[in-house]
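Data block below; observations after.
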Amino acid sequence: MRVGRKWSIAAAAFVVFVCAAYGASRYDVHRRKANLAKAVAAERALLGDRSRAMVTAMDDVVLEATKSPWAGDARSAELATPEERAALFKRTMLFVRAALPEVARLDAIGGAVRRSEKDTVALCLVKPPPSTAPDDVHAAATRYWLGGALFDDATHDVLPLNIVHKGLRPLSRAFAAELEEADDHLSLRRLEEEHAYRQPLAITLARTAADAELLVVVVDELPEGMAEPEVGKSLTASRRPAILPSIEDSPHYARVLVWSSERREIVLRVRTRVDAKTNPSSRRPVAVAEMHGCQAAVAARGL
């Protein structure tokens with residue numbers, strides 16, 4: 001009897017210990033989440049109004065571009081003519097481009113933004129071809145080596161959204177959602193490290209970039225008949241190659257959304273079919289992917 005009683009007491013003590021340890025662990029997670037949220041809120045408050053609006057809105061604008069079915073093309077009243085749109089694209093811009101499946105979920109946006117660079121959409125938004133003729137589009141899309149010094153000079157008022165993400169993603173809605181869902185030490189630790197280990201220079205550059213006047217989001221739909229690739233959760237997806245390079249050469253639909261930090265709203269929404277194969281350029285090399293990017297920009301400019 002005494003042995004049995006001892007075992008019962010020991011078992012009860014063990015249960016109490018486990019419950020206490022679990023409770024302490026949960027309290028620690030809750031405390032750290034609250035501290036991180038407080039630190040993020042304090043940092044967000046230091047931003048200027050325009051930068052804060054950009055960082056707050058950027059994820060929602062990307063998600064808006066992925067909605068299906070397409071809500072239809074739309075524009076602000078002051079963007080009725082190509083001349084008015086030309087004036088719009090003289091402003092400073094943040095730019096991101098990705099295939100539709102890569103940005104259709106909030107937790108996948110970060111990985112897609114990291115893989116996105118300026119391309120011929122950005123180039124032809126600021127330096128469009130004189131006409132929509134294939135040879136003119138080809139010439140405009142291939143006038144500079146992508147990523148080269150002349151290309152960067154031509155698009156100096158266009159910055160990749162990734163610059164903002166590198167320094168200020170912890171202030172984004174996606175980060176807030178991940179923090180809300182974090183319920184274990186490992187998940188929380190990853191978010192704490194992302195917030196704490198940012199380089200001061202990256203934060204400074206991000207704050208400057210977030211002051212841009214426009215956010216341009218380009219989302220490429222998959223070509224007709226193509227099966228949708230598997231896109232995993234953020235940690236897995238961030239290590240996968242971008243989908244966009246595998247579809248750029250194929251005719252497909254592309255969506256362009258422009259958000260204004262002044263208006264705090266989307267001022268332009270366009271969906272267009274890019275196809276440099278049905279009516280190709282006579283120039284060589286063919287540069288189909290580059291022409292497709294330029295065609296999307298031409299449609300956004302209303303040409």
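The values are calculated or read from the model by the stated rules, or taken from the named source; none is laboratory data. Quick caveat: nothing in here was measured; it's all calculated off a predicted structure. When we count neighbours, we look across all protein chains shown, and the Cβ atoms used for this are built from the backbone with ideal geometry, even at glycine.
What are the residues in segment 85-115 that are among the charged types (D, E, K, R), touching a Ser or Thr at 6+ places or on another chain (Cβ under 9 Å) and more than 13 Å from Leu63 (Cβ to Cβ), if any? Matches in segment 85-115: Arg91, Arg97, Arg114, Arg115. Being surrounded by 18 or more Cβ atoms within 10 Å (Cβ to Cβ) and not in a helix (DSSP H, G or I) is the filter here, so list the residues in segment 147-182 that pass it. Within segment 147-182, Thr155, Val158, Leu159, Pro160, Leu161, Ser172, Ala182 meet the criteria.
Scanning segment 10-33 turns up at least one residue that is modelled with pLDDT under 95, under 26 Å from the mean Cα position of the chain (by Cα) and either under 30 Å from Leu214 (Cα atoms) or in a helix (DSSP H, G or I) (or both). Could you tell me whether any residue of segment 113-128 is over 21 Å from Ala65 (Cβ atoms) and in a helix (DSSP H, G or I)? So far as segment 113-128 goes, no, none of its residues is over 21 Å from Ala65 (Cβ atoms) and in a helix (DSSP H, G or I). Looking across Val103, Val158, Val164, one residue alone is in contact with a strand residue (DSSP E or B) (Cβ under 7 Å, 6 or more places away or on another chain), among the hydrophobic types (A, V, I, L, M, F, W, C) and within 20 Å of Ile243 (Cα to Cα). It is Val103.
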